[in-house]
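One structure is given below, encoded as structure tokens.
The values are calculated or read from the model by the stated rules, or taken from the named source; none is laboratory data. What you are looking at is a predicted structure, and each value in this text was computed from that prediction instead of being measured. Using ideal geometry, Cβ is built from the backbone for each residue, glycine included, and neighbour counts are taken over all protein chains shown.
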Amino acid sequence: MVSVLEAIILGVIQGLTEWFPVSSSGHLALYQNIFGLDVPVLFDIYLHLGTLIVLFVFFWNDIIKIVSDVLSLRSETNYFEMGKNIFIATLVTGVIGFVFYKAFTDLFSNLIGIGLGFLFTGFILIAGKNVSSVKKDIGVFNSLIIGVFQGLALIPGISRSGSTIGVGIIRGIDKMKLAKFSFLLSIPAIIGATLVDTANNYKSAIPFLAENMLAILLGIGFSALVGYLCLRWLMKLIDKGKFHYFAYYCFAVGLFTLFIA
């Protein structure tokens, strides 16, 4: 059973680290390993629902336009193109998640794997430091690449936003267009992960929900509140070209994780 205090702390960690390129799953796993918490993976997955709410609030108009243009087959619009690219990247991520689901899930209790994941994120962020952003379209090929890196971010320690935005910056894509694409791309990823993990743990999911409903709701609430504030701040940092600053933090926490491992 998850206590109210644990739920609030984990919700704040999720909100702080989901959008910042520092890996929310890595921080949740690290915190739980350090303090010996036995929190089911299901709870970590449900915390993502809080940050999913943030996306719908933050990008509601874009979501509506994408859905409208895709359903209306308006293939000449930018929103249709974005919807197509999101589908391609999501498909690649889904294949990676399906094939490596068990291996990636097992890494949540492996501090060495988590530490290496943080270092990987740091290298991706620092690699784009001196790359000039151009008005390059995302396109099919870049969508495939971004989808692969989002799939790798299922490994705790590898940041989803850090890897997808980071590799896009390396590819020379306009950073603000890239940031919006990355965050919209996380919507089907979060929904898919929630459904898959619930299905894979369906025998324990319902009793877990019944016993921990208050903790889950508090965790989601704090995750949403903190996540919204952090996303607003991060968009400003990306616009100012300061995204790579998080690399130094990833290096530090990665080395710390390997040290305590």
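Tabulated data
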| read-out | value |
| --- | --- |
| Residues that are assigned to a helix (DSSP H, G or I) and under 21 Å from Ser204 (Cα atoms), drawn from segment 32-49 | Gln32, Val41, Leu42, Phe43, Asp44, Ile45, Tyr46, Leu47, His48, Leu49 |
| Pairs, first farther than 17 Å from Ile220 by Cα in segment 170-199, second assigned to a loop (DSSP other than H, G, I, E, B) and of a type in the set (Lys, Arg), C-beta under 7 Å, six or more apart | Asp174/Lys135 |
| Residues located in segment 58-90, provided they are among the acidic types (Asp, Glu) and under 22 Å from Trp19 (Cβ atoms) | Asp62 |
| Every residue from segment 228-261 that is among the hydrophobic types (A, V, I, L, M, F, W, C), crowded, with 19+ Cβ neighbours inside 10 Å and either over 30 Å from Ile112 (Cβ atoms) or more than 17 Å from the chain's Cα centre (by Cα) (or both) | Leu231, Ile238, Val253 |
| Filter result for the condition that a residue is of a type in the set (S, T, N, Q), surrounded by fewer than 21 Cβ atoms within 10 Å (Cβ to Cβ) and within 19 Å of the chain's Cα centre (by Cα), over Thr17, Thr93, Thr105, Thr77 | Thr105 |
| Test result for Lys84, touching a residue at least 12 places away in the same chain (Cβ under 8 Å) and basic (Lys, Arg) | yes |
| Selection within segment 225-253 - under 19 Å from Val167 (Cβ atoms), assigned to a helix (DSSP H, G or I) and small (Gly, Ala, Ser) | Ala247 |
| Checking Leu28 against (1) at pLDDT below 85; (2) in contact with a Lys or Arg (Cβ under 9 Å, 6 or more places away or on another chain); (3) of a type outside the set (Ser, Thr, Tyr), the condition it does not meet | (2) |
| Residues of segment 156-180 that turn out to be hydrophobic (A, V, I, L, M, F, W, C) and surrounded by fewer than 24 Cβ atoms within 10 Å (Cβ to Cβ), as a count | 3 |
| Test result for Val99, free of Cβ contacts under 8 Å to residues at least 12 places away in the same chain and not polar (S, T, N, Q) | yes |
| Evaluation of Leu225 against (1) surrounded by 19 or more Cβ atoms within 10 Å (Cβ to Cβ); (2) in contact with a helix residue (DSSP H, G or I) (Cβ under 7 Å, 6 or more places away or on another chain); (3) under 27 Å from Phe246 (Cα atoms) (one fails), failing number | (1) |
| All positions within segment 15-31 that are under 18 Å from Ile155 (Cα atoms), out of contact with any Phe, Trp or Tyr (no Cβ under 8 Å at 6 or more places or on another chain) and in a helix (DSSP H, G or I) | Thr17, Ser24, His27, Leu28, Leu30, Tyr31 |
| Every residue from segment 48-71 that is farther than 22 Å from Ile216 by Cα and in contact (Cβ under 8 Å) with a residue 24 or more places away in the chain | Phe58, Phe59, Asp62, Ile63, Ile66 |
| Of all residues in segment 209-227 being in contact (Cβ under 8 Å) with a residue 12 or more places away in the chain and more than 18 Å from the chain's Cα centre (by Cα), the one that is farthest from His48 (Cα to Cα) | Glu211 |
| Condition met for Leu30 (within 22 Å of Ser143 (Cα to Cα), in contact (Cβ under 8 Å) with a residue 24 or more places away in the chain, within 20 Å of the chain's Cα centre (by Cα) and surrounded by 15 or more Cβ atoms within 10 Å (Cβ to Cβ)) | no |
